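Below: the structure, in C-alpha coordinates.
The values are calculated or read from the model by the stated rules, or taken from the named source; none is laboratory data. All of these numbers come straight from a predicted model, not from anything done at the bench. Using ideal geometry, Cβ is built from the backbone for each residue, glycine included, and neighbour counts are taken over all protein chains shown.
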Amino acid sequence: DAGVTQSPTHLIKTRGQQVTLRCSPKSGHDTVSWYQQALGQGPQFIFQYYEEEERQRGNFPDRFSGHQFPNYSSELNVNALLLGDSALYLCASSLLARYEQYFGPGTRLTVT
Amino acid sequence: GENVEQHPSTLSVQEGDSAVIKCTYSDSASNYFPWYKQELGKRPQLIIDIRSNVGEKKDQRIAVTLNKTAKHFSLHITETQPEDSAVYFCAAPPDGYALNFGKGTSLLVTP
(Lines give C-alpha, C1' and ligand atoms only; values in the text may rest on other atoms or scores of the structure.)
Protein backbone atom coordinates (compact mmCIF):
# COMPACT_ATOMS: atom_id res chain seq x y z
CA ASP A 1 0.00 0.00 0.00
CA ALA A 2 1.82 3.11 -1.27
CA GLY A 3 1.92 6.07 1.03
CA VAL A 4 1.96 9.72 0.02
CA THR A 5 4.80 10.56 -2.34
CA GLN A 6 6.19 13.92 -3.40
CA SER A 7 8.67 15.14 -5.98
CA PRO A 8 11.19 16.54 -6.20
CA THR A 9 12.87 16.09 -2.82
CA HIS A 10 14.85 19.31 -3.02
CA LEU A 11 14.69 22.31 -5.31
CA ILE A 12 16.70 25.50 -5.60
CA LYS A 13 15.17 28.44 -7.45
CA THR A 14 16.00 32.09 -8.00
CA ARG A 15 13.80 34.92 -6.81
CA GLY A 16 11.15 35.74 -9.43
CA GLN A 17 11.07 32.26 -10.94
CA GLN A 18 8.18 29.85 -10.92
CA VAL A 19 8.09 26.34 -9.41
CA THR A 20 5.86 23.27 -9.65
CA LEU A 21 5.75 20.63 -6.93
CA ARG A 22 4.02 17.27 -7.28
CA CYS A 23 2.16 14.92 -4.98
CA SER A 24 0.59 11.49 -5.27
CA PRO A 25 -1.88 10.65 -2.50
CA LYS A 26 -2.03 7.49 -0.46
CA SER A 27 -3.77 4.65 -2.27
CA GLY A 28 -7.54 4.98 -1.86
CA HIS A 29 -7.45 8.66 -0.88
CA ASP A 30 -9.20 11.27 -2.98
CA THR A 31 -8.39 14.56 -1.25
CA VAL A 32 -5.08 16.42 -1.26
CA SER A 33 -4.04 19.30 0.98
CA TRP A 34 -0.88 21.38 0.72
CA TYR A 35 0.99 22.92 3.64
CA GLN A 36 4.01 25.20 3.95
CA GLN A 37 6.36 24.54 6.86
CA ALA A 38 8.94 27.23 7.59
CA LEU A 39 11.97 26.26 9.64
CA GLY A 40 11.06 25.80 13.28
CA GLN A 41 7.34 26.31 12.69
CA GLY A 42 4.24 24.17 12.36
CA PRO A 43 2.76 23.45 8.93
CA GLN A 44 0.50 26.20 7.54
CA PHE A 45 -2.47 25.26 5.39
CA ILE A 46 -2.32 26.51 1.79
CA PHE A 47 -5.31 24.82 0.10
CA GLN A 48 -7.19 21.57 -0.36
CA TYR A 49 -8.33 19.84 -3.56
CA TYR A 50 -11.10 17.34 -4.19
CA GLU A 51 -12.61 16.32 -7.52
CA GLU A 52 -10.12 18.55 -9.30
CA GLU A 53 -11.43 21.66 -7.56
CA GLU A 54 -10.06 23.85 -4.80
CA ARG A 55 -12.41 23.30 -1.85
CA GLN A 56 -10.75 25.35 0.81
CA ARG A 57 -7.95 27.91 0.94
CA GLY A 58 -5.74 29.29 3.68
CA ASN A 59 -4.24 32.74 3.95
CA PHE A 60 -1.84 32.57 1.01
CA PRO A 61 -1.59 34.97 -1.96
CA ASP A 62 -2.75 34.17 -5.47
CA ARG A 63 0.86 33.42 -6.43
CA PHE A 64 0.12 30.02 -4.92
CA SER A 65 -2.10 27.91 -7.14
CA GLY A 66 -2.82 24.26 -7.54
CA HIS A 67 -4.33 21.57 -9.61
CA GLN A 68 -5.69 18.08 -9.06
CA PHE A 69 -5.77 15.46 -11.79
CA PRO A 70 -8.38 12.73 -12.40
CA ASN A 71 -6.07 10.17 -10.73
CA TYR A 72 -6.15 12.38 -7.56
CA SER A 73 -2.52 13.44 -7.84
CA SER A 74 -1.89 17.13 -7.37
CA GLU A 75 0.48 19.96 -8.22
CA LEU A 76 1.36 23.10 -6.31
CA ASN A 77 2.54 26.05 -8.38
CA VAL A 78 4.20 29.13 -6.97
CA ASN A 79 4.84 32.14 -9.22
CA ALA A 80 7.15 35.11 -8.74
CA LEU A 81 9.12 33.39 -6.00
CA LEU A 82 10.20 35.42 -2.98
CA LEU A 83 13.00 34.64 -0.55
CA GLY A 84 10.31 34.10 2.07
CA ASP A 85 8.86 31.21 0.08
CA SER A 86 11.82 29.08 1.13
CA ALA A 87 10.29 26.28 3.19
CA LEU A 88 9.36 22.61 3.31
CA TYR A 89 6.20 22.05 1.26
CA LEU A 90 4.13 19.16 2.52
CA CYS A 91 1.33 17.36 0.79
CA ALA A 92 -1.24 15.50 2.87
CA SER A 93 -3.86 13.09 1.61
CA SER A 94 -7.16 12.09 3.12
CA LEU A 95 -10.61 10.84 2.28
CA LEU A 96 -13.37 13.32 1.53
CA ALA A 97 -15.09 14.53 4.69
CA ARG A 98 -12.51 12.83 6.91
CA TYR A 99 -10.17 14.74 9.18
CA GLU A 100 -7.30 12.25 9.28
CA GLN A 101 -4.51 13.51 7.06
CA TYR A 102 -1.33 11.64 6.13
CA PHE A 103 1.72 13.57 5.04
CA GLY A 104 4.25 12.99 2.31
CA PRO A 105 7.99 13.48 2.88
CA GLY A 106 7.88 17.03 1.57
CA THR A 107 9.79 19.10 -0.96
CA ARG A 108 12.47 21.41 0.41
CA LEU A 109 12.37 24.62 -1.64
CA THR A 110 15.20 27.11 -1.38
CA VAL A 111 14.83 30.50 -3.06
CA THR A 112 18.06 32.44 -3.57
CA GLY B 1 -10.40 31.29 12.38
CA GLU B 2 -8.98 28.71 14.75
CA ASN B 3 -6.00 29.75 16.84
CA VAL B 4 -3.95 26.91 18.33
CA GLU B 5 -1.39 27.62 21.04
CA GLN B 6 1.04 24.96 22.18
CA HIS B 7 3.40 24.79 25.13
CA PRO B 8 6.05 24.24 26.18
CA SER B 9 8.16 24.95 23.13
CA THR B 10 10.93 22.69 24.45
CA LEU B 11 10.80 19.84 26.93
CA SER B 12 13.62 17.73 28.28
CA VAL B 13 12.92 14.59 30.31
CA GLN B 14 14.92 11.62 31.53
CA GLU B 15 14.28 8.24 30.00
CA GLY B 16 11.45 6.51 31.81
CA ASP B 17 9.79 9.74 32.95
CA SER B 18 6.49 11.07 31.61
CA ALA B 19 6.07 14.02 29.24
CA VAL B 20 3.02 16.23 28.87
CA ILE B 21 2.40 18.75 26.09
CA LYS B 22 -0.62 21.07 26.15
CA CYS B 23 -2.55 22.90 23.48
CA THR B 24 -5.38 25.40 23.65
CA TYR B 25 -7.78 26.26 20.86
CA SER B 26 -10.12 29.17 20.30
CA ASP B 27 -13.06 27.85 18.26
CA SER B 28 -15.55 25.98 20.42
CA ALA B 29 -16.97 24.37 17.26
CA SER B 30 -13.72 22.46 16.64
CA ASN B 31 -14.34 18.73 16.97
CA TYR B 32 -11.14 16.94 15.96
CA PHE B 33 -7.73 17.17 17.64
CA PRO B 34 -4.75 15.27 16.24
CA TRP B 35 -1.16 15.02 17.40
CA TYR B 36 1.72 14.63 14.96
CA LYS B 37 5.31 13.57 15.59
CA GLN B 38 8.02 14.90 13.30
CA GLU B 39 11.53 13.52 13.53
CA LEU B 40 14.37 15.58 12.11
CA GLY B 41 14.19 15.69 8.32
CA LYS B 42 11.10 13.50 8.16
CA ARG B 43 7.39 13.90 7.51
CA PRO B 44 4.89 14.64 10.29
CA GLN B 45 3.30 11.36 11.40
CA LEU B 46 -0.16 11.14 12.91
CA ILE B 47 0.33 9.40 16.26
CA ILE B 48 -3.01 9.84 17.97
CA ASP B 49 -6.19 11.88 17.62
CA ILE B 50 -9.36 12.54 19.56
CA ARG B 51 -12.82 13.75 18.69
CA SER B 52 -14.88 16.13 20.74
CA ASN B 53 -17.32 13.47 21.95
CA VAL B 54 -14.51 11.63 23.77
CA GLY B 55 -12.61 12.81 26.85
CA GLU B 56 -9.57 10.55 26.64
CA LYS B 57 -7.94 8.13 24.24
CA LYS B 58 -4.97 5.83 24.83
CA ASP B 59 -2.65 3.91 22.57
CA GLN B 60 0.02 2.02 24.47
CA ARG B 61 2.36 4.64 26.00
CA ILE B 62 0.63 7.68 24.52
CA ALA B 63 -2.69 9.24 25.48
CA VAL B 64 -4.61 12.37 24.62
CA THR B 65 -7.06 14.11 26.93
CA LEU B 66 -9.60 16.76 25.94
CA ASN B 67 -11.27 19.39 28.09
CA LYS B 68 -13.95 20.97 25.91
CA THR B 69 -15.06 23.43 28.56
CA ALA B 70 -11.58 24.86 28.96
CA LYS B 71 -10.81 24.36 25.25
CA HIS B 72 -7.56 22.54 25.75
CA PHE B 73 -6.14 19.13 24.98
CA SER B 74 -2.96 17.41 26.04
CA LEU B 75 -0.59 14.71 24.86
CA HIS B 76 0.77 12.37 27.53
CA ILE B 77 3.73 10.09 26.90
CA THR B 78 4.60 7.63 29.65
CA GLU B 79 7.82 5.64 30.13
CA THR B 80 9.61 7.86 27.62
CA GLN B 81 12.36 6.37 25.46
CA PRO B 82 15.14 8.08 23.47
CA GLU B 83 13.26 7.31 20.24
CA ASP B 84 10.43 9.54 21.49
CA SER B 85 12.74 12.52 20.91
CA ALA B 86 11.15 14.59 18.14
CA VAL B 87 9.02 17.67 17.55
CA TYR B 88 5.37 17.18 18.42
CA PHE B 89 2.58 19.27 16.87
CA CYS B 90 -1.03 19.60 17.91
CA ALA B 91 -3.69 20.78 15.47
CA ALA B 92 -7.35 21.68 15.19
CA PRO B 93 -9.61 22.37 12.21
CA PRO B 94 -10.49 26.09 11.78
CA ASP B 95 -13.34 25.19 9.42
CA GLY B 96 -13.93 22.46 6.91
CA TYR B 97 -11.23 19.79 7.03
CA ALA B 98 -8.06 21.90 6.96
CA LEU B 99 -5.80 21.82 10.02
CA ASN B 100 -4.26 24.70 11.97
CA PHE B 101 -1.10 23.57 13.71
CA GLY B 102 0.56 24.73 16.88
CA LYS B 103 4.17 25.88 16.75
CA GLY B 104 5.50 22.58 18.01
CA THR B 105 7.21 21.18 21.09
CA SER B 106 10.74 19.86 20.80
CA LEU B 107 10.96 16.86 23.14
CA LEU B 108 14.36 15.53 24.16
CA VAL B 109 14.57 12.25 26.09
CA THR B 110 17.96 11.75 27.66
CA PRO B 111 19.21 8.27 28.62
Can you say whether B:Lys37 is in contact with a helix residue (DSSP H, G or I) (Cβ under 9 Å, 6 or more places away or on another chain) and part of a strand (DSSP E or B), as far as the supplied structure shows? yes
Can you name the number of the only condition in (1) hydrophobic (A, V, I, L, M, F, W, C); (2) away from chain A (no Cβ under 11 Å); (3) not in a strand (DSSP E or B) that B:Ala98 fails? (2)
Please verify whether segment B:78-95 includes one or more residues that are of a type in the set (Asp, Glu), out of contact with any Lys or Arg (no Cβ under 7 Å at 6 or more places or on another chain) and more than 25 Å from A:Gln37 (Cα to Cα). no
Which residues, counting only those in segment B:76-95, are among the hydrophobic types (A, V, I, L, M, F, W, C) and within 14 Å of chain A (Cβ to nearest Cβ)? B:Ala86, B:Val87, B:Phe89, B:Cys90, B:Ala91, B:Ala92
Looking at this structure, is B:Lys71 under 27 Å from A:Gln48 (Cβ atoms) and more than 13 Å from chain A (Cβ to nearest Cβ)? yes
Take the residues of segment A:36-78 that are small (Gly, Ala, Ser) and within 14 Å of another protein chain (Cβ to nearest Cβ): which is farthest from A:Leu11 (Cα to Cα)? A:Gly58
Take the conditions within 14 Å of another protein chain (Cβ to nearest Cβ), touching a residue at least 24 places away in the same chain (Cβ under 8 Å), in contact with an Asp or Glu (Cβ under 7 Å, 6 or more places away or on another chain) and at negative phi and apply them to A:Leu109. Does it pass? no
Of the conditions (1) part of a strand (DSSP E or B); (2) surrounded by fewer than 13 Cβ atoms within 10 Å (Cβ to Cβ), the single one that B:Thr69 does not satisfy is (1)
Go through segment A:20-40 and give me each residue that's under 21 Å from A:Asn59 (Cβ atoms), of a type outside the set (A, V, I, L, M) and under 13 Å from the mean Cα position of the chain (by Cα). A:Cys23, A:Thr31, A:Ser33, A:Trp34, A:Tyr35, A:Gln36, A:Gln37
Please work out if B:Gly104 is of a type in the set (Gly, Ala, Ser) and over 29 Å from A:Tyr89 (Cα atoms). no
Looking only at segment A:79-92, decide whether some residue is at pLDDT 95 or above, within 14 Å of chain B (Cβ to nearest Cβ), over 13 Å from A:Ala38 (Cα atoms) and touching a Ser or Thr at 6+ places or on another chain (Cβ under 9 Å). yes
Filter segment A:1-35 for residues that are within 11 Å of chain B (Cβ to nearest Cβ) and not aliphatic (A, V, I, L, M) and give the result. A:Gly3, A:Thr5, A:Gln6, A:Thr9, A:Thr31, A:Ser33, A:Trp34, A:Tyr35
I'm checking my understanding of the structure. Among residues of segment B:1-26 that are under 28 Å from A:Cys23 (Cβ atoms) and part of a loop (DSSP other than H, G, I, E, B), which one is modelled with the lowest pLDDT? B:Gly1
Within segment A:93-106, identify whether any single residue is free of Cβ contacts under 8 Å to residues at least 12 places away in the same chain, touching a Phe, Trp or Tyr at 6+ places or on another chain (Cβ under 6 Å), of a type outside the set (Ser, Thr, Tyr) and surrounded by 13 or more Cβ atoms within 10 Å (Cβ to Cβ), and answer yes or no. no
